[in-house]
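Colleague: Okay, handing you the structure first.
What follows is calculated from the coordinates using simple rules that are stated; it is not laboratory data. Keep in mind that what you see is a predicted model, and the values were worked out from it rather than measured. Cβ placement follows ideal geometry from the backbone for every residue including glycine, while neighbour counts extend to all protein chains displayed.
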Amino acid sequence: MSSNPICAPATPLLPSAVALVRVSGVGLANALAPLLVLPEPRLASLRTLHWDGFRERALVLFFPGPASYTGEDVVEFQLHGNPRLVRRLLGHLATLGVRLAEPGEFTRRALLNGKQDLLATEALRDLIAAETDTQIRLAQARAGAQPDWIAKARGALAPWMARAEAAVDYGEDEGISLNLNDLMLELAPLRARFHVEQARARAARHLRDGLKLALVGRPNAGKSTLFNALAGEDRAIVTEIPGTTRDVLEVRCEWRGLPLRLFDTAGLRDTEDLVERLGMARVGPVLEAADLVLHLWPAQDPGLDPVIRDALAPFAGKTLEIRTFADVAAAPGVAIAAHLGDLDALEAALKDRLLGGLAPDACLGALATDRQGALLDDLAGQLDLLAGLPPGCPPELPASLLQGAWGLLARLTGEDRAESALDALFSGFCLGK
């Protein structure tokens with residue numbers, strides 16, 4: 001990546017008291033000389049900036065590279081938060097050879113210059129995008145040092161890689177062999193740790209993205225009541241008149257430490273009402289996208305409506321039966337009374353089905369992105385294959401699997417990175433970050 005100077009607003013272009021403009025590059029003292037003389041490093045200094053008829057008093061900070069966020073020279077301007085004024089400054093910087101940064105380019109330079117690793121960079125992106133307290137805490141827990149199990153995995157794999165490669169290269173001449181029983185006995189704790197981290201990663205991905213829950217049932221099954229109870233506010237109309245909900249309602253919220261994406265759907269039944277039927281037609285795509293379909297079934301109902309049974313048949317693997325109005329009649333399974341706030345059984349069921357029984361706090365520090373999860377699955381798969389090798393197999397097989405595991409660890413931390421993967425990552429960043 002070029003080290004030519006870049007700039008971007010680090011605050012939104014909205015009327016505000018203060019706006020922050022960030023510049024990064026090599027040799028900024030020369031590049032910015034027509035505009036100002038840079039202050040002493042890390043000393044906030046008031047400077048008067050003159051350009052194109054403008055006169056602006058700005059607080060300026062200078063961070064010489066490599067001891068800066070990007071590893072290059074970094075200058076930050078704190079000026080009055082008039083969006084037009086900020087745009088004019090950015091335009092003048094362009095005349096000095098400082099181009100507007102691409103999304104995430106500051107952080108991309110920090111990564112490529114060794115100022116932070118790929119896992120921390122992904123955590124930063126998640127922190128910026130977090131919408132709930134739990135999601136913020138999950139991202140913050142991953143933003144520091146690498147998980148300790150990664151270093152331990154390298155320590156466990158390295159000596160066995162050396163032995164396996166020696167057996168391949170010099171086995172016949174030097175009589176070097178590889179004992180698979182000893183290998184798997186020593187790597188058994190690492191293999192078990194990979195599987196633990198897989199479970200934590202699956203739960204963490206659900207928390208990072210928000211648990212997508214679709215509420216389905218017959219009219220007056222208590223869907224809107226539960227929707228409002230989970231959302232913590234009256235978002236859906238609740239009446240005794242069947243068919244009140246005609247469209248899909250969506251809300252993002254946090255309930256008992258669980259980030260939720262809730263979808264309240266139209267009641268499923270045979271009806272001649274055109275608007276109600278249009279609402280029911282929109283239920284299918286919502287069920288397809290949901291992590292879990294909550295089928296709300298009043299405890300007093302003697303049996304399941306055939307219309308609902310047929311509609312939910314394709315989603316049987318991700319449907320959770322919820323018996324509503326548990327205060328009116330006893331019912332087996334997950335029974336709730338949302339109008340009374342009796343939702344403990346639902347909380348336990350959600351954690352069991354989507355978090356594998358883990359509490360949100362147990363997921364702190366776990367890998368959480370799709371990329372990380374896929375690599376972790378491959379890592380666990382490599383050791384599973386290694387454990388399944390027959391005694392007496394050629395040393396090339398375990399050597400290949402050990403090298404594959406080592407390479408996956410390098411890809412996980414970003415030491416072996418592909419430009420396409422970085423492009424996908426930084427496209428989700430904002431300007432100035």
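Colleague: How large is ³J(HN,Hα), in whole Hz, for each residue of region 26-43 in order, when computed from phi with the Karplus curve 6.51 cos²θ - 1.76 cosθ + 1.60 and θ = phi - 60°, using x for Gly and Pro?
Modeller: 9, x, 5, 4, 6, 4, 9, 4, x, 9, 6, 8, 5, x, 4, x, 6, 10
Colleague: Measuring from label point to label point, each 7 Å out along Cα→Cβ, what is the Ala348 to Ile176 span in nm?
Modeller: Reported label-point gap for Ala348 and Ile176 is 5.7 nm.
Colleague: In sequence order, what are the phi-derived ³J(HN,Hα) couplings for region 124-129 according to the Karplus relation 6.51 cos²θ - 1.76 cosθ + 1.60 with θ = phi - 60°, rounded to whole Hz, with x for glycine and proline?
Modeller: Running phi through 6.51 cos²θ - 1.76 cosθ + 1.60 with θ = phi - 60° gives 5, 4, 5, 5, 5, 8 Hz.
Colleague: I've got another one for you. Just need the relative contact order of region 6-112 here, percent rounded to a whole number, with Cα pairs under 8 Å and 6+ apart. Show your work: numbers first, answer last.
Modeller: On the way: 195 pairs, mean separation 34.9, N = 107.
Relative contact order here is 33 percent.
Colleague: Please report how far the C-alpha centroid of region 303-377 lies from that of region 33-104, rounded to the nearest whole angstrom.
Modeller: When both Cα centres are located, 51 Å separates them.
Colleague: Now a separate question. Under a point-charge model restricted to the Cβ atoms of Lys and Arg (+1) and Asp and Glu (-1), what is the dipole moment magnitude of the chain relative to its Cα centre, in debye to the nearest 20?
Modeller: 1600
Colleague: Extending each Cα 7 Å along its Cβ direction at Ala192 and Arg84, get the distance between those two points in nm, one decimal.
Modeller: So the label points at Ala192 and Arg84 sit 6.9 nm apart.
Colleague: Which of the listed residues, Gly407, Ala33, Ala335, is farthest toward the dipole's positive end in the chain, when Lys, Arg count +1 and Asp, Glu count -1 at the beta-carbon?
Modeller: The listed residue farthest towards the positive side: Ala33.
Colleague: So what's the gap between the Cα centers of region 203-224 and region 134-173, to the nearest angstrom?
Modeller: Spelled out, the Cα-based centre of one part sits 38 Å from the other.
Colleague: Mind listing the phi-derived Karplus ³J(HN,Hα) values for region 351-361, rounded to whole Hz, using 6.51, -1.76 and 1.60 with θ = phi - 60°, and x for any glycine or proline?
Modeller: Karplus-based 3J(HN,Hα) across region 351-361 equals 5, 5, 6, 9, 10, x, x, 7, 7, x, 5 Hz.
Colleague: Turning to a different aspect of this structure: I'd like the FRET efficiency for Leu364 and Leu304, computed as 1/(1 + (r/R0)^6) with the beta carbon distance as r and R0 of 45 Å, rounded to 0.05.
Modeller: Working: r = 40 Å, r/R0 = 0.89.
That gives a FRET efficiency of 0.65.
Colleague: Round to the nearest 0.05 the FRET efficiency obtained for Ala313 and His50 when R0 = 60 Å and r is the Cβ-Cβ distance.
Modeller: Numbers: r = 72 Å, r/R0 = 1.20.
That gives a FRET efficiency of 0.25.
Colleague: Another question, then. Averaging sequence separations of C-alpha pairs under 8 Å and six or more residues apart, then dividing by the length of the chain, give the relative contact order as a whole percent. Please report the intermediate quantities before stating the final value.
Modeller: Working: 737 pairs, mean separation 76.1, N = 433.
It comes to 18 percent, rounded to a whole number.
Colleague: Compute the length gained on full extension between Asn4 and Val37: take 0.36 nm times their separation in residues and subtract their Cα-Cα distance, giving the result in nm to one decimal.
Modeller: Working: separation 33, 0.36 × 33 = 11.88 nm, distance 1.93 nm.
Once the chain is fully extended between Asn4 and Val37, it gains 10.0 nm.
Colleague: Can you classify the chain as rounded, prolate or oblate using the Cα gyration tensor, where a ≥ b ≥ c are the square roots of its eigenvalues, rounded means a/c under 1.5, and otherwise it's prolate if a/b beats b/c and oblate if not? Intermediate results must be reported in sequence, preceding the final value.
Modeller: On the way: a/c = 2.91, a/b = 1.18, b/c = 2.47.
Oblate, because a/c is 1.5 or more while a/b does not exceed b/c.
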